[in-house]
Amino acid sequence: MKIALLQMDIVWGDPEENVRKAEALRASQPGADLYVLPEMWATGFATRPEGIAEKESHSVALDWMKKTASDYSCAVCGSLAVEVEDEQGSSYRNRLYFVTPDGMSYYDKHHLFAHGHEHEHYTAGQTHTLVNWKGVRFLLLTCYDLRFPVWARYGWAGEYDAIIYVANWPHSRMDAWNVLTHARAIENQSYVIAVNRVGSDPSCSYTGGSMMIDPIGRTICACKNETEHSLLAMLSLDDLQKARTHFKVLQDEDKPQDFFV
């Protein structure tokens, strides 16, 4: 599978301009099966979403994701700050969408970033989301989720071939980003597709570090740091199966009942 990593310099609070930037990056990697954008790619990391988040039902960014998937027979993945209406009324979600020509799935960020007060304005998701696209099973996760390995654990979170992490991960914590992305790949014998942003917002600066990691922890490819950049990576289910068959770590993993006696 051909996967395009789209490392954006996000314009604060401007979905229309960010759609234009996303389309330019997408066009630089024609023919990909999946395009992955950063967290809150249409607005920047708006921990206070009032006046910034789009309504899900009238989202310029989500409409572009749907049109792109339909026009190019591909999948598009990225998170948006959205206001949603449901039985409980109106709420804000940091919602990671996986859009295909046939429809869409989404994951609401579970670990909201309390250090930045995200939890005061957004509603956390309580369930995992797995999607199957062209035979590849993806686990969808967002930014701060990266610090919590149990939430991503193979088998506990479901059975998958790759984890997608979209992020606004700041320059000051890039050492953690590099270690944790590789750890998640190694411990789950899974591909990790990690897409971060560059540039700055009112709170932080970002240097990128978007990459794809293979199931034994090797970096397959990485975007250039500190610059808007797109990159094409190849995901091989044959290589994944060979890694899991040759070194059968997953059969020895801890089970939930091991901790609840």
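The values are calculated or read from the model by the stated rules, or taken from the named source; none is laboratory data. Keep in mind the model is a prediction, meaning the values are calculated, not measured. Cβ: placed from backbone, ideal geometry, glycine included. Neighbour counts: every protein chain shown. Quick note on the areas: whole protein, heavy atoms, side chains included, nothing else; ligands and nucleic acids left out. Shrake-Rupley method; radii C 1.70, N 1.55, O 1.52, S 1.80 Å.
Taking the Cα centre of the stretch 191-261 as origin and assigning +1 to Lys and Arg Cβ atoms and -1 to Asp and Glu Cβ atoms, the resulting dipole is close to 140 debye. On C-alpha positions alone, give me the angle between the axis of helix 174-188 and the longest principal axis of the chain, in degrees, nearest 10. It is inclined by approximately 50 degrees.
Against the longest principal axis of the chain, how steep is helix 237-246, in degrees 0 to 90 to the nearest 10, with axes from Cα atoms? Tilt relative to the chain: about 40 degrees.
Relative to the Cα centre, the charge distribution of the chain, modelled as +1 at Lys and Arg Cβ and -1 at Asp and Glu Cβ, gives a dipole magnitude of about 680 debye. Pairs over the 22 Å Cα-Cα cut-off, from the set LYS67/LYS224; LYS21/LYS67; LYS55/LYS224; LYS2/LYS248; LYS109/LYS134: LYS67/LYS224; LYS55/LYS224; LYS2/LYS248; LYS109/LYS134. Legend: residues GLU50, GLU187, sorted from most to least accessible area (1.4 Å probe; ligands, DNA and RNA excluded), read GLU50, GLU187. The 3J(HN,Hα) values that the Karplus relation (6.51, -1.76, 1.60; θ = phi - 60°) gives for the stretch 77-84 are, in residue order, 10, x, 9, 10, 7, 10, 9, 10 Hz. Gly and Pro appear as x. In the context of the full set of protein chains, the chain has a per residue accessible area of 44 Å² (1.4 Å probe). Here the stretch 209-256 has 50 percent of its accessible surface on carbon and sulfur atoms, given a 1.4 Å probe and all protein chains in place.
Proximity of backbone amide H atoms, modeled 1.01 Å from N, is registered between TRP41 and SER79 at under 5 Å, excluding neighbours fewer than 5 places apart on the same chain.
Counting only protein heavy atoms and using a 1.4 Å probe, what share of the accessible area of the stretch 134-175 belongs to carbon plus sulfur, as a whole percent?
53
What separates the Cα centres of the stretch 185-261 and the stretch 49-92 is a distance of 25 Å. Against the longest principal axis of the chain, how steep is helix 15-27, in degrees 0 to 90 to the nearest 10, with axes from Cα atoms? On a 0 to 90 degree scale, this one is about 50.
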